Amino acid sequence: MTISGSTFAGLALRIFNPTDGLWSIHWADNDRHRMLPPMVGRFENGVGVFYGDEEHEGRTVRARFTWMPSAESPRWEQAFSQDGGKGWETNWVMKFSRTA
């Protein structure tokens with residue numbers, strides 16, 4: 001991906017722990033040059049919810065990823081909480097669709 005004339009590359013590593021049933025999503029990219037702390041969660045009734053800490057505008061905030069399944073249009077959302085998870089602001093949505 002090219003953003004403002006520079007190349008951006010990222011990698012997500014997902015690891016399942018069968019002992020506790022939790023998934024860990026690890027992220028690394030060429031902007032931060034390190035592996036970030038994982039988002040940890042599970043799938044219940046087909047919906048995956050994962051929590052972790054993110055840095056946003058120089059502050060640590062609680063982050064939540066939500067995966068919502070659908071045969072035709074799965075959806076992923078990211079939300080941040082600045083009050084420890086009491087309130088959430090969705091700031092990124094990806095909608096997927098099948099092509100012919």
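What residues from segment 46-89 fall in the zone where the backbone N is under 11 Å from a label point 7 Å along the Cα-to-C-beta line of ALA100? Nothing falls inside the zone, counting backbone N under 11 Å.
Taking all Cα pairs closer than 8 Å and separated by 6 or more residues, the relative contact order of segment 9-95 comes to 16 percent. Its Cα centre serving as origin, the chain has a Cβ charge dipole (Lys and Arg +1, Asp and Glu -1) of approximately 200 debye. Shape of the chain from the C-alpha gyration tensor: rounded (a/c under 1.5, with a ≥ b ≥ c the square roots of its eigenvalues). For the chain, modelled as a GNM with alpha-carbon contacts under 10 angstrom, which of PHE16, PHE50, PHE65 fluctuates the most? Maximum fluctuation in the GNM of the chain, among the listed residues, is at PHE16. Starting from a Cα-only point model with no solvent, please compute log10 I(q)/I(0) by Debye for segment 1-60 at q = 0.19, 0.29 1/Å. After summing over all Cα pairs, the log10 values are -0.82, -1.18.
Bear in mind these aren't lab numbers, they're just calculated from the coordinates by the rules spelled out. Every value quoted in this text rests on a predicted model; they were computed, and no experiment measured them. Note that each Cβ is placed from the backbone with ideal geometry, even for glycine, and that neighbours are counted across all protein chains shown.
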